[in-house]
Amino acid sequence: MVFLLKRIGIFALTLVLASIAVFAVLAVLPGDPAQVAAGTQATPEQVAALRQEYGLDGSVPERYFSWLGDLATGDLGTTFVSKRSIADEIGTRLQVTLPLALMAMVLAVAVALPLGVLAAVGHRRVSGTVVSGVSQLGIAVPAFWAGLMLITLVAVRWGWLPAGGFTPWGDDWWEAVRSLLLPAISLAIVQAAILTRYVRSAVLEVMREDFIRTARAKGLTRLTALRRHGLRNAAIPVVTVLGLQLTALLVGAVVVENVFTLPGLGKQLLDGINSREIVLVLDIVMLLVFVALVVNLLVDLLYLAIDPRLRTARR
């Protein structure tokens with residue numbers, strides 16, 4: 001309980017410090033949202049009126065505490081130009097970004113776990129060498145380049161999947177899945193390669209432990225000894241990487257969504273930056289920060305569930 005309370009306290013403090021940092025960075029960026037919204041032909045009086053309407057005429061601390069108060073009460077406000085609800089906009093875009101990130105993570109884990117174990121078990125064989133080489137190549141492939149290659153081959157040349165765009169879930173859920181499959185694969189390629197390397201390293205380290213050698217001496221095969229006694233010990237560093245990768249997938253979606261013209265959170269973030277929608281950008285960035293911190297908190301709790309020795313140490 002003490003550990004959980006301590007972690008929640010660190011979570012809250014980190015969230016506040018992150019909000020200060022994000023707001024400060026956006027506050028010093030050049031460009032006036034009111035001027036952008038008013039247009040190049042607007043008079044200074046019209047720009048000043050818009051600044052007052054948008055709440056941009058106050059000091060930086062006043063604007064920060066006003067935004068933080070609205071955020072704490074769940075009032076995300078409206079966009080400057082279109083006057084649309086930011087909460088509704090983000091909720092709509094999350095219906096694309098969250099399934100995309102989850103699909104990419106499932107694909108990455110499904111590929112990386114067996115390949116990582118295979119590379120570790122056969123690290124002195126041809127199979128292990130081939131898996132290690134392919135994973136190194138996968139790490140070097142940028143997600144946007146993988147996306148372009150997939151569009152060229154799978155969508156344009158072979159016509160198996162759509163090249164871009166998104167079909168809403170309410171219209172046709174299967175077409176929505178097909179719309180996200182190529183972007184998810186392009187995101188998963190790099191993450192699967194990275195995770196394969198970590199799984200290989202973790203399993204190799206466990207296989208050199210004395211308890212694995214003892215299990216082998218009792219007659220267990222390498223895979224059986226690893227399955228019964230080693231995988232739980234190898235899971236701790238892998239869980240850490242998984243937490244980092246989930247956050248990386250959400251950030252990587254910013255580029256991939258633009259490659260595939262998906263109406264997701266990443267594309268909305270770039271559009272908000274270009275149009276100087278400061279409140280919209282702040283809310284999206286803080287949502288990403290919140291997700292990253294929640295994932296880190298869950299990873300810490302998973303440590304306790306995986307390794308009983310940590311539960312004893314926390315008492």
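Odds and ends about this structure:
- Selection within region 69-86 - under 21 Å from residue 272 (Cα atoms) and either out of contact with any Ser or Thr (no Cβ under 9 Å at 6 or more places or on another chain) or among the aromatic types (Phe, Trp, Tyr) (or both): 70, 74, 75, 80, 82, 83
- Test: residue in region 47-67 that is without any contact (Cβ under 8 Å) to a residue 12 or more places away in the chain, of a type in the set (Ser, Thr, Tyr) and surrounded by 12 or more Cβ atoms within 10 Å (Cβ to Cβ): yes
- Filter result for residue 68 (outside the structural domain of residue 16 (by TED's automatic domain parsing) and either at pLDDT 80 or above or in a helix (DSSP H, G or I) (or both)): no
- Within region 72-93, considering residues that are surrounded by fewer than 17 Cβ atoms within 10 Å (Cβ to Cβ) and in a helix (DSSP H, G or I), the one farthest from the chain's Cα centre (by Cα): 72
- Residue 119 vs. criteria in the same structural domain as residue 251 (by TED's automatic domain parsing), surrounded by 13 or more Cβ atoms within 10 Å (Cβ to Cβ) and of a type outside the set (Val, Ile, Thr): yes
- Of all residues in region 1-43, those being under 20 Å from residue 277 (Cα atoms) and modelled with pLDDT under 80 number 17.
The values are calculated or read from the model by the stated rules, or taken from the named source; none is laboratory data. Please read these numbers as outputs of a predicted model, since none were measured by experiment. Cβ sites come from the backbone with ideal geometry, for glycine too, and all protein chains shown count toward neighbours.
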